[in-house]
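Take a look at the structure set out below.
Every number in this text was worked out from the coordinates using simple rules, so none of it is lab data. Just so you know, these numbers come straight off a predicted model, no measurement behind them. Because the Cβ atoms are built from the backbone with ideal geometry, glycine has one as well, and the counts that use them run over all protein chains shown.
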Amino acid sequence: LDIYRIDGTRVVDYRFQGPYVTYIRFAIAESPFVSPDSLIADNTVSCRITLTWKDNTESEDGFLIERRESGSQTRAQIASVGQNVTSYTNAYVTDGTLRGGVTYCYRVRAYKGTTYSTYSNESCAVKQ
C-alpha cells in the first residue's frame, strides 16, 4: 500500500506498508525563487537588443542574463542587474561582440547569494 501526502506541488510524505519499510519521510528541494518569465528580446532599435521580463520574486539580489548565438548551445553570462530590475539593453556600443545579421538568444534567472531560480523562457532576436 503506497500513501502520498501532497503539500502544494511537493510530495512531503511517502508511506509504504510492506514487510521491511513502513515509513519514509522526504521533501523535494525547491528553489526559493519563482523563475522570471515573459522574457522578450526586442530589436526594433538599431544596434541594440533590449530585453524585458516579469519579476516573479520578491527577495532576489538580482538577475543574471545569459546569451547564445542561434545554432549554438554554448551560453555565456553577459550581465547581471540588481533587485527588481526588469530590463537590460545589449548594445553594440557596450558589447563589441554583437554582429549584424546574427540571431542572439537570451535567458534570465534570479539569484540571491549562491541560490538561483530556474531559467526564464528563451527569447531570440536578430541584431540589425
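Quick one: which of 35-41, 78-84 comes out on top by average Cβ neighbours within 10 Å, and what's the full order, highest first?
The densest-packed peptide leads the list: 35-41, 78-84.
Quick one: 3J(HN,Hα) in Hz for the range 113-128, Karplus 6.51/-1.76/1.60 with θ = phi - 60°, rounded, Gly and Pro as x.
Listing the rounded values in order: x, 10, 9, 10, 7, 6, 7, 5, 4, 9, 9, 10, 8, 8, 6, 7 Hz.
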